[in-house]
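**Q** Before I ask anything, let me first share the structure, which is written out below as structure tokens.
The values are calculated or read from the model by the stated rules, or taken from the named source; none is laboratory data. Since the model is a prediction, treat every value here as computed from it, not as a measurement. Using ideal geometry, Cβ is built from the backbone for each residue, glycine included, and neighbour counts are taken over all protein chains shown. Just so you know, the surface numbers come from the protein's heavy atoms only, side chains and all, with ligands and any DNA or RNA stripped out. Shrake-Rupley method; radii C 1.70, N 1.55, O 1.52, S 1.80 Å.
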Amino acid sequence: MTDATPLAPTSRPLVTQLWARTSRIDPRYLIAFLITLVLVAGQFRYHILGGYDRLALALGACMATEALLSWFDRGKIVNLQSAYISGISLTLLTKPQGGALWPFALGGFLAISSKYVLRYRDNHLWNPTNFAITALLLVAPDRVSVLSHQFGNDVLTNLVIWTFGLIIAARVGVLHITLTYALSFLILGVVRASALGLPVLPEIAPITGPMYQLFVFFMITDPRTVVRGRRKQMLIAVLIAVMEALIRVAADLGMPLPTAFTAGPAFLALATVGPVAKWIDLRLGGAKRTTSANGIDLATA
Amino acid sequence: MAVPFLAAILLAMRLDRGPIRALADASHPGFVLRDETRAAGITFLHRRPTFDPKIANVEPHVAALGAGVSVADFDGDGWPDLYFTNSRFGAPNALYHNKHDGTFEDVAATAGLADLNRPGEGVSMGSVWGDFDNDGREDLLVYRYGYLALYRNVDGTHFQDVTEAAGLRRWVNSNGAIWLDYDRDGLLDLYVTAYFRDNVDLWHLTTTRIMHNSFEFATNGGKNVLFHNLGGGKFEDVTNRMGVGGNRWTLAAASADFNGDGWPDMYVANDYGPEELYLNDHGKRFALTTAGLESESKSGMSVALGDAFNRGRLDAFITNISERGYLFQNNNLRLNQMADAHRFRNVAEGAIADAGWAWGAQFGDLNNDGANELFVANGFISGDRGKSYWYAMSKIAGANGQLFEDASSWPAFGNASLSGYERSRVYVNRGVAGWIDVAQTVGALDEYDGRAVALADLSNRGALDVVVANQNQPALLYRDYPDSSNHWIAFTLVGTRSNRSAIGAEVVLEAGDLTQRRVIDGGSGFASQNDRRPHFGLGHHEWVDRVTIHWPSGLTQYLERPAINQFVTVTEPRR
């Protein structure tokens, strides 16, 4: 994708002009805008936060950890937008028992520190929020859940977030990942329902929920943890959907799984497939920082 | 960097196991609960309903309510009796007459209160007692998935169905009702909450689009109804005029004067929606106010009212759902700050916030130490222990409402459990250390699917026994044995200018540094009603300084130094 050359305002439709202008915006701002939109819309309409102290704590933990570890690691404090996105994602996804606040502090620390600890050839392997959520679900299932607020099960809110999400994914150059995963999820859901004799709609319904919105727009498309190359990225998106389908088949068949797998199958699928794919990609292709379509070293969610 | 990273993971694992150090000692709660159901002769077994086969896939879920219990002295002998509701066609409700010797006898059939679960009429979901005609005998309203049923107490032994004559023959798919005198005219009015829409006949469905349209903000439930008592045994529907006809999926309501203006307000718990507070504007209209309740939308199951911290105010405890890994809605303990800050503040944290899939709850001083305890019944559906419906539920919980509004879209329930086999909780307030669960210590060990909880001093001995109606399972009676060194006092109130049952009267007790408030119960918790005689534990206080009674009529009465360790009967002054 290349930067568009601005033309005279009168010669092009307004939408085209706006689209062209977005290409000059750092994609990190677009992603930050989208996650802020989700937060504000969800809080304004559905009070999704459950307390501003949670937001402050998660944001504070993420940004402080990022500042401290980047200074320690690189001798300078890096741009904190990545931590901002992680903090908001974590706040939206984490639903603790009994109003506990520690999952937000520990989750924020785990998310950001995973970028500095779990590395291979100067790249981190896990999407930070995905790592934190998965880790908390695995090690603290008695205190942390991820499925509490549903944004009202409202089609209008879903449409707004999906619309903005798709536009921004297109501008950031990751739309193909989002669409590949969504399509794979739908196809595999139908296949799974047919094979197991389940009604189809409940199997494909989850993707309309807010948890999946955060997943498809902020986690699976994280430019810093996806593999290089459009086709490979699409292949990995398919593999993540396949892994998730396998987890769901096991759950459908009543196989004994840790609660984390049945409560957040998409998170577990990404947490298992993503890092392996990234590790192979780095091993085969050498270390090279992932950049966006317009050449910026991208922040991560 | 790896060291703090690993330490954080280890810390999360440790925190998952609970507080690092016990905040309070749970070993000496000061009372014991003994399961004496069998010894008391209570053999009631609740049966859940069966519905139209069109919703067979989700029937265990839809049919998971109906076990209710309410307390009243129906024969006027001074001893509280119990009424249990059943929910299957042909299964009888039970009226347990207190025989004064610790045992009970089911007299529902002879009283005319057994055969209420019939095709075409509906099945019972709960009941509430109140002397609607002020004749000195307690009458009974049974709410059903079906027609309301009002029974007039004829002579203390027989009841007469007066529903039609009272103007109450209305199909309401109801899980709750309360008596209150909202206009303070001395006649008990009736607020009936609704769950499914009133055009839904669960045995003859014309559509399967009967479920909620949101897990958080559903507004397609039945319409709650307020009936004004006109006198002469007649009631009038004043729902719209009074502004209380919400269409949320209401499961419970309770009434008290929360803002201290002398008029009874209503607190409503909604499934799939936020709680609601209706403030009474001088009996002319109710105003739905936010009061801090709108900030969280959960699954309100029950409203228990009690003075949680001896502030002389009535706080509210609302139960919700918690399930490991899937959903932590957390219960709400709402501190009443209406008089000064015009709001309720949620202070539930720690053990009290998570009781599992919680249902009925009630405040009561079980150890007579002068502070309220809290009994909470838990568990939704106990099916196959190896199969959980939570994963199936999670598929549709995030979906668009149009999908799961249709019951036929739900994954088949089969014989799965959904938060089944959960134990009851008994919380003791340990001040700064918070509320701790002592259920195991005191002996509340059952794992039934608890629904309604009612507290009553069944033997007039100064101890609040706990009665639990369990869904599709046997009822339970836990006898309370409090620490004998503690003192107590209880009151029997008789209204004259106010309704005879004294429902809505508030009693404030002062003894040294101790201040407590109780409200006479016109229905509270979930599908339940407590003993209407307010019971106060006094701890080691040897006397009561003063008792203030705020009668529903507006009259305030004072009692100085009443005798303790006994029931005190107080009749409202006529002028």
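**Q** Can you give me the % of accessible surface on the range A:88-212 that is carbon or sulfur? Probe 1.4 Å, all protein chains present, nothing else counted. Display every interim value, and only then the final one.
**A** Numbers: 2740 of 3620 Å².
The value for the range A:88-212 is 76 percent carbon and sulfur by accessible area.
**Q** Pulled fully out, how much extra length does the chain show between B:Glu164 and B:Leu6, if you take 0.36 nm times their separation in residues and subtract their Cα-Cα distance?
**A** 49.9 nm
**Q** If you don't mind, there's one more thing I want to ask. I'd like to compare B:548-558, B:140-150: which one has the highest average count of other Cβ atoms within 10 Å, and what's the full order after that?
**A** Ranked by mean Cβ neighbours within 10 Å, highest first: B:140-150, B:548-558.
**Q** Continuing with this model, one more query. At a Förster radius of 35 Å, what calculated FRET efficiency corresponds to the Cβ-Cβ distance of A:Val15 and B:Asn240, to the nearest 0.05?
**A** For R0 = 35 Å, the calculated efficiency reads 0.15.
**Q** Another question, then. Tell me, rounded to the nearest percent, the portion of alpha carbon pairs in the range B:469-549 spaced more than 22 Å apart.
**A** On the way: 1295 of 3240 pairs.
Tail of the P(r) past 22 Å holds 40 percent of the pairs.
**Q** Sort B:Glu105, B:Glu510 by heavy-atom solvent-accessible area, probe 1.4 angstrom, most to least. List each step's numbers first, then the result.
**A** Numbers: B:Glu105 90, B:Glu510 60 Å².
Putting B:Glu105, B:Glu510 in descending order of accessible area: B:Glu105, B:Glu510.
**Q** Per-residue mean of other chain beta-carbon atoms within 10 angstrom of the beta-carbon, peptide A:209-215?
**A** 2
**Q** Further question: With Kirkwood's inverse mean 1/r over C-alpha pairs for Rh, give me the Rg to Rh ratio of the range A:26-285, two decimals please.
**A** 0.94
**Q** Bin width 10 Å, alpha-carbon pairs only: give the P(r) of the range A:219-288 as whole percents, running from 0 to the bin holding the largest distance.
**A** Bin by bin from 0 Å, the calculated values are 20, 46, 23, 9, 0.
**Q** Separation of the range B:472-527 and the range A:51-68 by C-alpha centroid, Å?
**A** Cα centroid to Cα centroid, the span is 47 Å.
**Q** Separate question: In Å² (nearest 100), what accessible area is buried between A and B, both sides summed, heavy protein atoms only, 1.4 Å probe?
**A** 4100
**Q** Determine the calculated [θ] at 222 nm for chain B from helices alone, applying -39500 (n - 2.57) to every DSSP H run no shorter than 4 residues and normalising by the residue count; nearest 500 deg cm²/dmol.
**A** -2000 deg cm²/dmol
**Q** Of B:His46, B:Leu116, B:Ala416, which is farthest along the charge dipole of chain B in the positive direction, counting Lys and Arg as +1 and Asp and Glu as -1 at C-beta?
**A** Value: B:Ala416.
**Q** Hey, another quick one. Radius of gyration and Dmax for the range B:256-340's Cα atoms, expressed in Å?
**A** 13.5, 47
**Q** Considering only protein heavy atoms and a probe of 1.4 Å, how much of the accessible area of the range B:237-302 is carbon and sulfur, as a whole percent? Present the calculation step by step, with values, prior to reporting the outcome.
**A** Values: 880 of 1920 Å².
Roughly 46 percent, rounded to a whole number.
**Q** If you count, for every residue in B:315-326, the Cβ atoms of partner chains within 10 Å of its Cβ, what is the mean? Before the final figure, lay out the partial values.
**A** Values: counts 0, 0, 0, 0, 0, 0, 1, 4, 4, 9, 17, 10.
Mean partner shielding for this stretch: 4.
**Q** Quick one, can you get me the convex hull of the C-alpha atoms of chain B expressed as volume per residue in Å³?
**A** Each residue corresponds to 149 Å³ of Cα convex hull volume.
**Q** Which of the lysines could a cross-linker bridge to A:Lys232, judged by Cα under 21 Å and excluding same-chain residues fewer than eight apart?
**A** In chain and number order, the partners are A:Lys278, A:Lys288.
**Q** Let me ask something additional. Where the centre of each part is set by its Cα atoms, how far does the range B:136-204 sit from the range B:308-336, in angstrom?
**A** The distance from the Cα centre of the range B:136-204 to that of the range B:308-336 comes to 28 Å.
**Q** Please compare each pair in B:Lys223/B:Lys395; B:Lys223/B:Lys284; A:Lys95/B:Lys223 to a cut-off of 24 Å on the Cα-Cα distance and tell me which ones are over it. If you can, show how the numbers build up before the last one.
**A** Details: B:Lys223/B:Lys395 29 Å; B:Lys223/B:Lys284 20 Å; A:Lys95/B:Lys223 31 Å.
Beyond 24 Å: B:Lys223/B:Lys395; A:Lys95/B:Lys223.
**Q** Tell me the carbon and sulfur percent of the accessible area for the range B:438-478, rounded to whole percent, probe radius 1.4 Å.
**A** Here carbon and sulfur together make up 48 percent of the probe-accessible area.
**Q** Could you work out the mean count of beta carbons from other protein chains within 10 Å of each residue's beta carbon in B:399-407?
**A** 5
**Q** Let me ask something else. Could you pull the accessible area for B:Thr290 with a 1.4 Å probe, rounded to 10 Å²?
**A** 80
**Q** If you wrap the range A:170-248's Cα atoms in a convex hull and average its projection over all directions, what's the area in nm²?
**A** Mean projected area for the range A:170-248: 5.1 nm², to one decimal.
**Q** Counting Lys and Arg as +1 and Asp and Glu as -1, what is the net charge of the other residues whose Cβ lies under 15 Å from the Cβ of B:Ala316?
**A** Around B:Ala316, the charge tally is -2.
**Q** Comparing the chain by itself with all protein chains present, which residues of the range B:6-20 are at least 10 Å² less accessible (probe 1.4 Å)?
**A** The answer is B:Ala8, B:Ile9, B:Leu11, B:Ala12, B:Met13, B:Leu15, B:Asp16, B:Gly18.
**Q** Remind me, what semi-axes does the range B:81-121 give for its equivalent ellipsoid, largest first in whole Å, using sqrt of 5 times each Cα gyration tensor eigenvalue?
**A** 23, 9, 6
**Q** Kirkwood hydrodynamic radius (Cα pairs, Å) of the protein assembly as shown?
**A** On the way: mean 1/r = 0.0348 Å⁻¹.
Over the protein assembly as shown, the inverse of the mean reciprocal pair distance is 28.7 Å.
**Q** Does a label point 7 Å from the Cα of B:Ala39, set along Cα-to-beta-carbon, have any residues of the range B:473-488 with amide nitrogen under 20 Å, and which are they?
**A** Taking a point 7 Å out along Cα→Cβ of B:Ala39, the residues of the range B:473-488 whose backbone N falls under 20 Å are B:474-485.
**Q** Moving to a separate point now. Need one number: the % of Cα-Cα pairs in the range B:204-360 sitting beyond the 29 Å mark.
**A** 21
**Q** Based only on the alpha carbon positions, what is the Kirkwood hydrodynamic radius of the range B:134-270, in angstrom?
**A** After inverting the pairwise mean of 1/r, the radius is 15.8 Å.
**Q** Continuing with this model, one more query. For the protein assembly as shown, what is the accessible area per residue in Å² when the probe is 1.4 Å?
**A** Accessible area per residue, the protein assembly as shown: 35 Å².
**Q** Return the distance in nm (one decimal) between the two label points of a simple spin-label model at A:Tyr52 and B:His204, each offset 7 Å from Cα along Cα→Cβ.
**A** Inter-label distance under the simple model: 5.5 nm.
**Q** Could you tell me which trypsin sites (Lys or Arg not before Pro) in the range B:44-113 are loop residues by DSSP with no more than 14 other beta carbons within 10 angstrom of their beta carbon?
**A** B:Lys99
**Q** Under a 1.4 angstrom probe, counting protein chains only, how are B:Asp265, B:Asp135, A:Asp73, B:Asp531 ranked by accessible area, largest first?
**A** I get A:Asp73, B:Asp135, B:Asp531, B:Asp265, largest accessible area first.
**Q** Then there is this: Report the Cα-based extents of the range A:93-238 along its three principal axes, largest first, to the nearest Å.
**A** Ordered largest first, the range A:93-238 gives principal extents of 41, 39, 32 Å.
**Q** Let me ask another. Using a 1.4 angstrom probe and counting only protein chains, how large is the accessible area of B:His228 in Å², to 10?
**A** Per-residue accessible area (B:His228): approximately 30 Å².
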